[in-house]
Amino acid sequence: MTVELVIDHIGASGDGIAEQDGKRFYVPFSAPGDWLRVSVLEERGNGNVAAIEEIFTPGTERIKPACRHFGTCGGCGLQHLAPDFTANWKRQRIVDCLSMAGIESAEVLETVTSPLASRRRVEFIASKRKKGVMIGFHLRRSHQIFDIGDCPVIDETLLALVKPLRALLPPLLPRNSEAKIMATITENGPDLLITAKKELDLETREALAAFTGEQKLARIAWQQSAKEIPEVIAARLPAEIRLNDVPVTLPPGSFLQASKAGETALADFARDALSEARNITDLFAGVGSFTFPLAASARVHAVEGDAELTASLQAAANRAILPITSETRDLFHRPLLTDELNAFDGLVFDPPRAGAKAQAEEIAKSDIPTVVAISCNPVTFARDVKALMDGGYSLDKVLPVDQFLFSPHIEMAATLKRN
């Protein structure tokens with residue numbers, strides 16, 4: 001079935017939304033004001049997913065995509081929208097989520113957007129087929145792989161590995177299998193973690209070790225599933241990053257902010273907000289993206305659930321003789337309690353997408369003067385901020401940070417002050 005419609009706005013998932021004859025339509029790759037003919041594909045929730053067949057009149061925010069693969073490759077969804085529109089739309093997502101949580105009149109700053117070709121951490125999908133190995137991303141709403149050629153988002157260092165990986169992997173992967181390749185830029189070259197169901201024999205290990213030297217990788221590691229501890233196959237140099245100019249070794253596959261520009265924007269925001277604090281705790285600290293900048297002027301206690309990350313953070317702090325202590329602790333099941341929190345005069349927390357409901361409720365009962373909340377999910381961010389405000393905190397500035405170009409994702413940081 002085909003329908004003619006005009007797109008009203010962009011929804012939370014990045015699809016254009018139109019209402020017509022009492023029905024709602026979700027149209028990927030559309031822009032506000034587009035007059036389109038679409039084909040209806042399937043029902044979704046209270047509406048219908050549709051695909052563009054013809055653009056009669058483009059909306060004023062529609063531009064030429066930056067990549068020739070846009071619309072086929074599943075990596076991006078918003079390249080057809082003007083950059084200023086996208087930045088404002090992502091900022092408005094935060095405003096809307098705060099409003100839905102009952103938080104009105106929040107001071108949400110302009111979005112800080114990372115530059116093109118700045119993505120320093122990316123997960124490729126490798127698919128072994130009869131004619132070889134395809135490397136790229138899943139097609140939109142599909143298990144098929146788009147074999148990536150160029151990309152305006154990924155750092156050129158990582159993009160340059162795709163062709164050599166296509167040559168490396170065919171004899172290593174079983175037929176009709178898939179592998180995940182987490183690639184991260186470090187100070188000493190790219191760091192790769194390959195996840196694939198295959199027992200490594202001597203020949204495979206030798207091939208991986210040779211590849212590490214040929215491509216000047218820092219390290220290559222392998223695991224058969226995400227639940228396994230990665231095995232380092234070859235390490236040419238330490239897989240280090242610099243956090244406030246302190247070298248920190250990354251455990252294989254560990255979390256890192258997607259771009260250096262985004263990491264800097266978030267860290268500067270936290271450091272400015274906590275400039276008067278002298279005893280800070282960094283919750284969900286990871287490898288120390290905020291711990292090390294804050295430790296330049298304060299004592300910092302870093303709490304993280306992953307023991308490898310905690311060990312790496314503490315080892316780097318010890319080498320640099322910084323006033324940092326650390327603790328391995330599952331903050332979802334065992335959050336810091338009020339009495340523990342009251343030992344600090346500043347706090348920053350940066351949980352995964354699920355947010356930090358239990359921990360936020362404990363922070364809300366504390367007397368910490370200044371709290372910085374950082375999140376990659378505006379929905380759980382608003383929920384956790386509301387918990388703090390219900391406990392007597394007031395919301396100051398909120399900074400949107402776009403590290404995931406051309407996607408609906410947005411990160412944010414907020415300052416909260418104890419009334």
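Derivation of every value follows stated rules applied to the coordinates shown; laboratory data play no part. What you see is a predicted model, and the numbers here were worked out from it, not measured in a lab. A quick note on method: Cβ atoms are made from the backbone with ideal geometry, for glycine too, and the neighbour counts reach across all protein chains shown.
Mind checking the full-extension length gain between residue 237 and residue 19? Use 0.36 nm per residue of separation minus the Cα-Cα distance, one decimal, nm.
On the way: separation 218, 0.36 × 218 = 78.48 nm, distance 5.63 nm.
Contour length minus the Cα-Cα distance gives 72.8 nm.
Arrange the peptides 261-271, 220-230 so that the one whose residues have, on average, the most other Cβ atoms within 10 Å appears first.
On the way: 261-271: 20.8, 220-230: 15.1.
For the peptides 261-271, 220-230, the packing ranking is 261-271, 220-230.
In this structure, residue 311 and residue 55 have a Cβ-Cβ separation that, at R0 = 41 Å, corresponds to a calculated FRET efficiency of about 0.15.
Relative to the current alpha-carbon distance between residue 357 and residue 109, full extension at 0.36 nm per residue lengthens the span by 86.8 nm.
With a threshold of 18 Å on the Cα-Cα distance, the over-threshold entries among 90/397; 64/163; 128/197; 386/417 are 64/163.
Treating r as the C-beta distance of residue 365 and residue 130 and R0 as 60 Å, the FRET efficiency rounds to 0.50.
The modelled label-to-label distance for the pair residue 338/residue 167, using points 7 Å beyond Cα in the direction of Cβ, is 6.4 nm. Positive contributions from Lys and Arg (+1) and negative ones from Asp and Glu (-1), summed over other residues with Cβ under 11 Å from the Cβ of residue 129, come out at +2.
Ordering 354, 97, 182 by the projection of their Cα atoms onto the charge dipole of the chain, which places +1 on the Cβ of Lys and Arg and -1 on the Cβ of Asp and Glu, puts 182 at the extreme positive end. Across region 55-69, coupling constants 3J(HN,Hα) worked out from phi with the 6.51/-1.76/1.60 Karplus curve, θ = phi - 60°, read 9, 6, 9, x, x, 5, 8, 7, 10, 6, x, 6, 10, 5, 8 Hz, and Gly and Pro carry x.
For the chain, a crude dipole built from +1 on the beta carbon of Lys and Arg and -1 on the beta carbon of Asp and Glu, taken about the Cα centre, is about 1160 debye to the nearest 20. Once label points are set 7 Å from the Cα along Cα→Cβ at both residue 272 and residue 43, what is their separation, rounded to one decimal in nm? In this crude label model, residue 272 to residue 43 measures out at 5.0 nm. Taking every alpha-carbon pair in region 121-237 and binning the separations at 10 Å intervals from zero gives 14, 49, 34, 4 percent.
Close amide H pairs (under 5 Å, H built 1.01 Å from N) link residue 234 with 220, residues at least 5 positions away or on another chain.
Between the amide H of residue 112 and those of 401, 402, distances stay under 5 Å, these residues lying 5 or more places away or on another chain, with hydrogens modeled in the peptide plane. Each helix, a run of at least 4 DSSP H residues, gives -39500 (n - 2.57); summed and divided by the residues of the chain, these come to -7000 deg cm²/dmol at 222 nm. Counting only Cα atoms, region 89-140 measures 57, 24, 15 Å along its principal axes, largest extent leading.
Ranked by the mean number of other Cβ atoms within 10 Å per residue, highest first, peptides 203-211, 117-125, 350-358, 379-387 order as 379-387, 117-125, 350-358, 203-211.
Can you put 260, 216 in order of Cβ neighbours within 10 angstrom, beginning with the fewest? Can you show the working numbers first?
On the way: 260 18, 216 12.
Final ranking by Cβ density, sparse to dense: 216, 260.
Sorting 289, 312 from the fewest to the most surrounding beta carbons within 10 angstrom yields 312, 289.
Looking at the calculated P(r) for the chain, what percent of the C-alpha pair distances fall above 42 Å?
On the way: 16807 of 87571 pairs.
In whole percent, the share of Cα-Cα pairs in the chain beyond 42 Å is 19.
Please list the equivalent ellipsoid semi-axes of region 6-119, computed as the square roots of five times the alpha-carbon gyration tensor eigenvalues, in descending order and whole angstrom.
Values: eigenvalues 117, 83, 31 Å².
Working through the eigenvalues yields semi-axes of 24, 20, 13 Å.
Multiplying the residue separation of residue 397 and residue 206 by 0.36 nm and removing their Cα-Cα distance gives an extension gain of 63.5 nm. Here the alpha carbons of region 2-60 define both size measures, Rg and Dmax, at 9.9, 29 Å. In terms of the mean number of neighbouring beta-carbon atoms within 10 Å, the peptides 1-9, 99-107, 363-371 order highest first as 363-371, 1-9, 99-107. For the pair region 264-296 / region 305-333, the C-alpha centres are spaced 14 Å from each other.
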